[in-house]
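The values are calculated or read from the model by the stated rules, or taken from the named source; none is laboratory data. Keep in mind that this is a model prediction, so the values were computed, not measured. No Cβ is skipped: glycine too gets one built from the backbone with ideal geometry, and neighbour counts run over all protein chains shown. SASA here: full protein model, heavy atoms, side chains in, ligands and nucleic acids out. Shrake-Rupley method; radii C 1.70, N 1.55, O 1.52, S 1.80 Å.
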Amino acid sequence: MMKFTPEVYGIPDEAMKPFIDEDEINNYLKICHPSRNKLTCIIKKSLDKNRLSLEETAYLLNANEPEMIEEIKQGARELKRKIYGDRIVLFAPLYVGNQCINNCAYCGFKASNKNVKRETLTSKDLIEQIEHLECNGHKRLILVYGEHPDYDANFIADSVRSAYKVKKGMGEIRRVNINAAPLDVEGYKIVKESGIGTYQVFQETYHHETYNKVHQSGKKRDYDWRLTALDRAQEALVDDVGIGALFGLYDWRFEVMGLLRHVNHLEAVYNVGPHTISFPRIQNAYDLDIDKSHLVSDGDFAKLVAILRLAVPYTGMILTAREPAHIRDEIMQFGVSQIDGGTNIQMKGYTKKEKEQQLDEEQFVINDDRSLGEVIQELLDQGFIPSFCTACYRLGRTGEHFMEFSLPGFIKRYCQPNALLTLAEYLEDYASPETKEKGNKLIADKLNEMKENDIKKQLSEKLRLLKEKERDLYF
Ligand code: SAM
Ligand code: SF4
């Protein structure tokens, strides 16, 4: 395994402290109990756009009185409104292959599940699935892979390149993110070349003992190899990365601290934090074989998402269709920036006629089976701006989430107009008449509210060009 030493990176010893120090985390969780004043000060620090320390985050995690929890949620809502506005970016997951050499106790695709049908999409299958997604209006994908010798860096890179080439009707995929097992530095270089957006890999649990218990065999047993995946990615100049923990394996407070420690590490060593944080919560799966004592209640889930929002105010936050629609609606207010829509995680699931979920054909159960059209309509009803924007990535403005957060006026000048443009494009090409009417009204309202005359003028012109069938317009 690659060893990271201060000499390699010319960084202070402090940054290279053992990366996940369980005693340190447990100690903060033990001693940090907030007074009301303390809590208010910490939330204010976050609203002033500062990332919280491990200690401050532990205070939030230990806030148990209902009024305190409400104050945390209110803080997260305010942060979302004040800094990011109403945009929600939409994407679709696509499973490329479910062969897997690992035995993760929580996953339906684990190697020991012999009854699961194993499939890898052929290039024809891949094209068919993507054409289907494009015909529904998707522009952003996350490709997902099991861990298997067949899914090496070249295979992943080929599938990413193929995805970008699929064009159906007015459709195209403009950003391909991936969720794949850890690679070595050479592997990341190959994948980087194919033009990936974000590279995601989740530690699942930062707690060593639990990690060992639930990763029963296969390469994924190696905690450190997975934990240092993003260090190797950085070395290969893959700097747009996503971290995550699978909530329900161990104490959720510990996992939030683990995620934050991971953020600290990336910031300290590479001067760039994660682009996104994911917080999947365990769902039922074929032969789910875990200790259920750490499953996270809906109330704690809402609290942990609000705390993550406050602890790392600059990062993107992803909430998936694992959660039912009513939970997604609630949690979205706490600072979520991306959701999936029209999700199907069965192999070749997007083109299957039979939409019933089959546990032996998918990794886990999903609980929000609304179509993309339905999700968009409901976002509009709640006053959100559904967005398919990919502008920053394509203009080389990497770290866009950080720019949105830190550059004054960036959201007004770029993000909001681009969200409206991609929404308008969706409405023209894919929406039902009802959604089109609602969406066009929202666009008109937002245009009216705009105070910056130059942006308003340019946006109006681009919206006019869209009506004349020009596509892919952005700032
Ligand atoms: N094979 C890749 C890996 O292990 O990194 C990709 C895994 S999968 C698509 C992405 C994530 O789904 C996993 O990292 C895990 O956090 C999550 N997951 C697995 N089983 C789950 C379950 N039963 N419920 C909810 N999420 C689950
Ligand atoms: Fe394989 Fe990933 Fe499932 Fe583990 S979580 S069994 S590595 S597909």
- Please work out if residue 160 is open to solvent by less than 50 Å² (accessible area, probe 1.4 Å), at pLDDT 95 or above, part of a helix (DSSP H, G or I) and out of contact with any helix residue (DSSP H, G or I) (no Cβ under 6 Å at 6 or more places or on another chain). yes
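Hey, could you check region 232-272 for residues that are over 20 Å from residue 30 (Cβ atoms) and of a type in the set (D, E, K, R) and say which is farthest from ligand 2 (Cβ to nearest atom)?
Filtering region 232-272 for residues that are over 20 Å from residue 30 (Cβ atoms) and of a type in the set (D, E, K, R), the one farthest from ligand 2 (Cβ to nearest atom) comes out as 267.
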Review point. Is one or more of the residues making up region 335-347 open to solvent by less than 10 Å² (accessible area, probe 1.4 Å), outside the structural domain of residue 446 (by TED's automatic domain parsing), within 20 Å of residue 263 (Cα to Cα) and modelled with pLDDT under 95?
Key: yes
Log entry, pairs with first residue in region 142-161 being assigned by TED's automatic domain parsing to the domain that holds residue 125 and under 18 Å from residue 129 (Cα atoms), second being among the charged types (D, E, K, R) and open to solvent by 20 Å² or more (accessible area, probe 1.4 Å), beta carbons closer than 7 Å, six or more apart or on different chains, reads 157/193
Going through region 284-320 in order, the residues found to be surrounded by fewer than 18 Cβ atoms within 10 Å (Cβ to Cβ), in a loop (DSSP other than H, G, I, E, B) and polar (S, T, N, Q) are 284, 297
>> For the structure I just gave you, tell me whether residue 214 is under 30 Å from residue 293 (Cα atoms) and touching a Cys at 6+ places or on another chain (Cβ under 9 Å).
In response: yes
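Using the structure shown, decide if residue 380 is in contact with a Lys or Arg (Cβ under 7 Å, 6 or more places away or on another chain) and open to solvent by less than 10 Å² (accessible area, probe 1.4 Å). So that I can check it myself, show each step before the final result.
Numbers: in contact with a Lys or Arg (Cβ under 7 Å, 6 or more places away or on another chain): yes; open to solvent by less than 10 Å² (accessible area, probe 1.4 Å): no.
Against the criterion (in contact with a Lys or Arg (Cβ under 7 Å, 6 or more places away or on another chain) and open to solvent by less than 10 Å² (accessible area, probe 1.4 Å)), residue 380 does not qualify.
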Condition set among the charged types (D, E, K, R) and open to solvent by 60 Å² or more (accessible area, probe 1.4 Å), scope region 361-377, selection nearest to residue 119 (Cα to Cα): answer is 369
Take residue 397 and decide whether it is of a type in the set (D, E, K, R), more than 16 Å from ligand 2 (Cβ to nearest atom) and under 24 Å from residue 309 (Cα atoms). yes
Taking region 137-160 and keeping residues within 21 Å of the chain's Cα centre (by Cα) and not β-branched (Val, Ile, Thr) leaves 137, 138, 139, 140, 141, 143, 145, 146, 147, 157, 159
Taking region 437-458 and keeping residues exposed (fewer than 13 other Cβ atoms within 10 Å of the Cβ) and of a type in the set (A, V, I, L, M, F, W, C) leaves 444
Checked against (1) without any contact (Cβ under 8 Å) to a residue 12 or more places away in the chain; (2) open to solvent by less than 40 Å² (accessible area, probe 1.4 Å), residue 470 satisfies every condition except (2)
So the helices (runs of 4 or more DSSP H) completely within region 171-267 holding 3 or more residues that are open to solvent by 10 Å² or more (accessible area, probe 1.4 Å) are 185-193, 208-214, 223-227
For this session: Return a yes/no flag: does region 422-431 have any residue that is assigned by TED's automatic domain parsing to the domain that holds residue 333 and either of a type in the set (Ser, Thr, Tyr) or buried (at least 21 other Cβ atoms within 10 Å of the Cβ) (or both).
Result: no
Residue 273 vs. criteria under 30 Å from residue 422 (Cα atoms), part of a loop (DSSP other than H, G, I, E, B) and open to solvent by 10 Å² or more (accessible area, probe 1.4 Å): yes
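Yes or no, residue by residue, for (1) over 23 Å from residue 259 (Cα atoms); (2) within 16 Å of ligand 1 (Cβ to nearest atom):
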{"position": "32", "(1), (2)": "no, no"}
{"position": "56", "(1), (2)": "no, no"}
{"position": "62", "(1), (2)": "no, no"}
{"position": "71", "(1), (2)": "no, no"}
{"position": "83", "(1), (2)": "no, no"}
{"position": "113", "(1), (2)": "yes, yes"}
{"position": "127", "(1), (2)": "yes, no"}
{"position": "130", "(1), (2)": "yes, no"}
